[in-house]
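Here is the structure we will look at.
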């Protein structure tokens, strides 16, 4: 998996965000697969049921929007689609 992630990271427009679900996740593996900065692109979630609680953090990581762009469009999710 890490080899495939590295190949993807070599493509300039590609941003890899990794999400670890549960306590048995190897954080080092997630860190090695995610695009830098790691602090923005690696998320840890306790379980699948709580994944929806991280919706906005995930949207922020996938689709950063400047305040000007956001003020011109009230819904970030619509803007990113």
Practice item. Keeping to the stretch 1-22, report how many residues are touching a strand residue (DSSP E or B) at 6+ places or on another chain (Cβ under 9 Å) and either loosely packed, with under 15 Cβ neighbours inside 10 Å or at pLDDT 85 or above (or both). Key: 6
Point to revise | Count of the stretch 33-53 residues which are in contact with a strand residue (DSSP E or B) (Cβ under 9 Å, 6 or more places away or on another chain), surrounded by 15 or more Cβ atoms within 10 Å (Cβ to Cβ) and part of a helix (DSSP H, G or I) | key: 2
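The values are calculated or read from the model by the stated rules, or taken from the named source; none is laboratory data. Just so it is clear, the model here is predicted, and its values are computed rather than measured. Neighbour counts run over all protein chains shown; Cβ positions are idealised from the backbone, glycine included.
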